[in-house]
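*Asks:* The structure is given below, and queries will be raised subsequently.
What follows draws every value from the coordinates through simple rules; no lab data is involved. Just so it is clear, the model here is predicted, and its values are computed rather than measured. All Cβ positions, even for glycine, are placed from backbone atoms using ideal geometry, and neighbour counts span all protein chains on display.
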Amino acid sequence: MTYIIREATSQDTKEISSFISERTGKTISPLHIENRLHFMRENPNESLYVYEEKNQILGTLGFRVRQSADTIFKYSEISVISVNEANNPPAAADKLKSYAEQLTQKHDCTGMWWISGSEKHDESRADREPLGFQETGYKFVKRFL
């Protein structure tokens, strides 16, 4: 299947909004997405990418570079990956993960943080963890969306 991974644009806001709303079960307005994209355009360390097949967005990848004040350590943070598994084979998620690793290398990062929104702790979770990653702890999250 032919696909493309590209940086999100303002023209994508409505489709991204619908896609994320479907995945989370909460309404995310196109204006919220546009404001987020505007913020990212002003911040060279943050980007949002979309995965497309047949001109339809089937996944998103949020990419952020984090570095210490002394710049010895520079990590990429993969803050959002969302693939509609019902319409999309698992290979799409693998393509987004591979793309995130390429971005990490391109930005000369020393490592990669994988941020998962999943809070399920069952045996199927191991199947969803990215290959080569180790769980190192937990973040405490207060959700507003």
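*Asks:* Suppose R0 equals 22 Å; then what is the FRET efficiency for K54 and T24 from their Cβ-Cβ distance, rounded to the nearest 0.05? Working shown, then result.
*Replies:* Values: r = 24 Å, r/R0 = 1.07.
After rounding, the FRET efficiency stands at 0.40.
*Asks:* Given a cut-off of 18 Å, what percent of all Cα-Cα pairs of the stretch 1-62 lie beyond it? It would help to have the intermediate numbers written out before the result.
*Replies:* Details: 593 of 1891 pairs.
More than 18 Å apart: 31 percent of the Cα pairs in the stretch 1-62.
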